[in-house]
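The structure appears right after this line, and notes come after that.
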Amino acid sequence: MKLAMTTAAALLLSAAPALAQEIDQNHKHAWGENVGWLNFADAGDPPGSLSVRVHAEFLEGFVWAENAGWINLGNGGGPYTNNDGANFGVNRDPFTGHLSGYAWGENVGWINFSGGGMADPANPARVEAGRLRGYAWGENIGWINLDDDEHYVALACPADFNGDGAVNTLDVLAFLNAYTAGDPKADFNGDTVINTLDVLAFLNAYTAGCP
């Protein structure tokens, strides 16, 4: 019986939806050569509610640039076809981490996340080792540098639920408190419903720990 229960639990955990990763609050800025700093984490009201989220195959959410306004990386319906203005966004290759497709800036137009292949030397935009790397290109704003070693955009560790930089039982307690209270933060798998699938998604992330 114990073996059967353990096997069932393992199957449930493995079936939990893939988790979208948030942006690390300590590493949330990239530099645009003609527009200055771009903030990937704080969009929306309350702050962070519309921030960038990184899925296995696409990105979604908004970037804020003081000198360029809002930049939309996708509406969450990815992967995106990028065939027209009704279905655009930034895609992610789940195997290589390379980014492609287009973001839209309300004041600056299209931004090509495949543009880093045109850099000299080529340095494509990508997700690598828990952070963004490479370059994106906008015809009206020039290069966006995702490759700086000091100021860069990193992915938050989803298991660090309370954001204290460590993964331990305090994160479990914080998640359970949020889940019991119906806090939107407990929608761990991002499907807009708070239920046992969120518990499974959190347990998967907690078991995996942080990179």
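Before moving on, here are some points about what is shown:
- Surface share of carbon and sulfur [accessible, 1.4 angstrom probe, percent] for the range 148-211: 58 percent
- Per residue accessible area of the chain, 1.4 Å probe, in Å²: 53 Å²
- Degrees between helix 169-181 axis and first principal axis of the chain (Cα, 0 to 90, nearest 10): 90 degrees
- Sites Ala181 and Asp93, calculated FRET efficiency, Cβ-Cβ separation with R0 41 Å, nearest 0.05: 0.60
- Longest segment of the chain lacking GluC sites (Glu not before Pro) that sit in a DSSP loop with at most 15 other Cβ atoms within 10 Å: 151-211
- Placing +1 on each Lys and Arg Cβ and -1 on each Asp and Glu Cβ, with no other charges, gives the chain a dipole about its Cα centre of roughly 620 debye.
- Three principal axis lengths of the range 96-140 [C-alpha, angstrom, descending]: 32, 23, 13
- Whole-Å distance, taken between Cα centres, linking the range 126-179 and the range 77-103: 19 Å
- Of the Cα atoms belonging to the range 55-210, the radius of gyration and Dmax stand at 17.4, 52 Å.
The values are calculated or read from the model by the stated rules, or taken from the named source; none is laboratory data. Here the structure is a predicted model, which is why all the values come from computation and not from measurement. Ideal geometry is used to build each Cβ from the backbone, glycine not excepted, and the neighbour counts take in all protein chains shown. These area figures cover heavy atoms from the full protein model, side chains too; ligands, DNA and RNA do not enter into them. Shrake-Rupley method; radii C 1.70, N 1.55, O 1.52, S 1.80 Å.
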